[in-house]
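Note sheet for the following structure.
The values are calculated or read from the model by the stated rules, or taken from the named source; none is laboratory data. Here the structure is a predicted model, which is why all the values come from computation and not from measurement. Note that we place each Cβ from the backbone using ideal geometry, even for glycine, and neighbour counts take in every protein chain shown. Note: accessible area is taken over every heavy atom of the protein model, side chains too, but ligands, DNA and RNA are not part of it. Shrake-Rupley method; radii C 1.70, N 1.55, O 1.52, S 1.80 Å.
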Amino acid sequence: MSRLGEYFSGRSLESVLKKARQKLATGDFEAALRAVAGGLVRFPEAAALRDLNLSIMRAQSHAGMQDLRQRVTTHRDPVAFEQLISMYLETNMREEAMRMARDFATTCPESAAPHVILGEQSLQSWFRDLQARDGHRAHGHLMRATELDPRAIKPLLLLAEFYFCAGALKALSVLGRTLEQIDPDHPEVLPALEMIADHGDPSASENLDGSLAQIELEDCLANEPTSWPAGTARRTGNQLTEERTEVVAKQLVRDGVADEVVVLQRSGTPLTHARAKQTERATRGRRRPVELVTESDEDGLVDVVRDVAHTVSVQARELDLGAFRHCAIEGPFGRVVVGRVAGGVAGALRTSRGGESNRLWERIAVKLEGVSDGSAS
Amino acid sequence: MKAILQELNETIAARGALIVAPDGMLIASDVRIGEDVERLSAMGAGILAQVGGSLERAGLGTFAQVEVVTEEGKLVLVEAGPTYLLVLLGARLEIGPGSIEIRSAAKRIARATDFAAN
């Protein structure tokens with residue numbers, strides 16, 4: 001089916017987003033959620049769909065959250081704390097969830113629950129960005145949770161996954177013995193114990209600080225979380241290929257969305273670099289010609305995209321602003337947008353005036369996320 | 001100039017605002033309790049130096065504004081005469097470099113710095 005056909009048949013990512021937004025605008029939350037759910041089956045990695053899903057859920061949850069906030073503020077109710085934090089996390093209000101969890105830990109110092117929440121969130125940040133600081137935070141909170149509730153399974157399983165991915169095989173082995181003593185027949189514990197039997201090493205010499213520092217430096221885990229029994233939902237690898245990104249980059253330039261498009265792997269290695277041909281003009285009725293840049297001495301935009309992504313990512317982490325998503329730079333040259341998408345980094349230069357940078361980034365991200373699902377044409 | 005930053009922060013519920021020189025030196029600041037002025041200032045300096053330098057090397061020249069979107073916040077850096085205005089916002093505020101409040105504050109800062117220079 002042609003892309004035009006896909007759009008009008010409602011099967012393209014753009015048409016799914018449009019339909020869901022229309023339903024949200026009319027207040028039909030259930031229909032909007034159904035539209036997004038259908039789209040996520042086809043485009044599971046599309047951040048625009050996930051963001052829209054969260055916006056719909058937030059709008060729908062507004063009244064319930066207010067009630068729980070009242071119970072937390074007035075009664076300092078531990079159950080209300082947990083439910084409110086859970087709602088915040090479901091709707092990706094992560095800043096609020098973390099703040100509430102810290103308040104929960106202060107209000108109920110003998111409760112392991114806030115430390116499990118804080119530990120799990122820090123662990124997710126660690127898997128996403130591989131920053132040692134997140135690893136230390138996750139470890140600290142999960143250890144505190146096990147001290148407060150020694151028989152709780154969840155923090156122990158999260159610690160096991162952490163030790164496995166960090167390559168801390170001695171600590172993994174020790175933790176395995178703890179799990180065996182608590183509940184060896186638990187359905188979630190059994191597969192973990194099998195992995196620990198295969199990979200744990202009680203005689204290993206290790207230093208967790210050193211391991212976390214090396215992971216951050218090399219941007220690579222000791223063991224991939226997808227190997228862990230419950231880790232299949234975590235992905236740190238690249239989801240873009242040269243062939244697919246080339247198609248999309250050329251299309252974006254040909255259609256005049258951008259004058260130059262760059263796509264890099266997470267490591268900074270270029271995948272694709274396309275730009276409008278300088279020496280030819282597009283005639284009326286014909287799309288403008290595009291060329292692929294292969295000479296390294298013409299990698300100006302590649303270096304900009306790489307430098308911006310790295311600089312801003314590091315600075316954002318230092319300020320506890322969470323993971324870098326995207327950035328827009330405007331000046332006499334036009335605008336440059338840079339962002340993380342589908343496990344890689346993309347950037348584009350648009351020299352003509354008009355339009356919004358956020359809209360430019362969204363168009364690029366949607367196209368690339370659509371490609372990572374194999375729907376480019 | 002602190003008054004301009006205070007008014008801006010109150011108007012748009014920002015987490016903080018700074019004025020930095022092109023070399024990254026902090027000129028004035030107004031931030032919420034708990035926000036790290038030093039790190040915020042360092043981020044501004046880092047963007048000016050690294051991003052600005054990268055654009056120059058690519059032959060694109062200087063920038064007039066930068067907007068950074070992260071998981072838990074947004075940072076806006078705009079020209080304000082001979083200086084730059086840096087504003088730290090929450091994640092879901094639909095405010096950016098083009099907002100009237102930020103542009104107005106930048107203009108006022110530009111006038112104030114021009115006046116001070118003369």
query: What are the residues in region A:258-267 that are part of a loop (DSSP other than H, G, I, E, B) and open to solvent by less than 10 Å² (accessible area, probe 1.4 Å), if any?
result: A:Ala258
- line: Counted residues in region A:189-223 being modelled with pLDDT of 90 or more and on the phi > 0 side of the Ramachandran plot come to 0
- prompt: Quick one: would you say A:Ala105 is without any contact (Cβ under 8 Å) to a residue 24 or more places away in the chain and surrounded by 17 or more Cβ atoms within 10 Å (Cβ to Cβ)?
  reply: yes
field: Filtered residue count, region B:69-88, keeping only those that are among the aliphatic types (A, V, I, L, M) and more than 11 Å from the chain's Cα centre (by Cα)
entry: 1
Selection status of A:Lys250, part of a helix (DSSP H, G or I), of a type outside the set (A, V, I, L, M) and within 25 Å of A:Arg128 (Cα to Cα): no
- prompt: Going through region A:187-218 one residue at a time, which ones are surrounded by fewer than 13 Cβ atoms within 10 Å (Cβ to Cβ) and of a type in the set (Gly, Ala, Ser)?
  reply: A:Ala197, A:Ser203, A:Ser205, A:Gly210
- request: Using the structure shown, decide if A:Leu321 is at pLDDT below 85, of a type outside the set (Val, Ile, Thr) and either crowded, with 16+ Cβ neighbours inside 10 Å or touching a His at 6+ places or on another chain (Cβ under 6 Å) (or both).
  value: yes
task: Would you mind telling me which numbered condition in (1) touching a Ser or Thr at 6+ places or on another chain (Cβ under 7 Å); (2) of a type in the set (A, V, I, L, M, F, W, C); (3) surrounded by 23 or more Cβ atoms within 10 Å (Cβ to Cβ) B:Ala21 fails?
output: (3)
message: Among the listed residues A:His75, A:His115, A:His136, A:His141, identify the single one that is free of Cβ contacts under 8 Å to residues at least 12 places away in the same chain and not β-branched (Val, Ile, Thr).
response: A:His75
query: Hey, any hits in region B:98-116 for a residue that's away from chain A (no Cβ under 13 Å), among the small types (Gly, Ala, Ser), closer than 22 Å to A:Asn358 by Cα and open to solvent by 50 Å² or more (accessible area, probe 1.4 Å)?
result: yes
message: Please count how many residues of region A:349-363 are at the interface with chain B (Cβ under 10 Å from one of its Cβ atoms) and in contact with a strand residue (DSSP E or B) (Cβ under 6 Å, 6 or more places away or on another chain).
response: 4
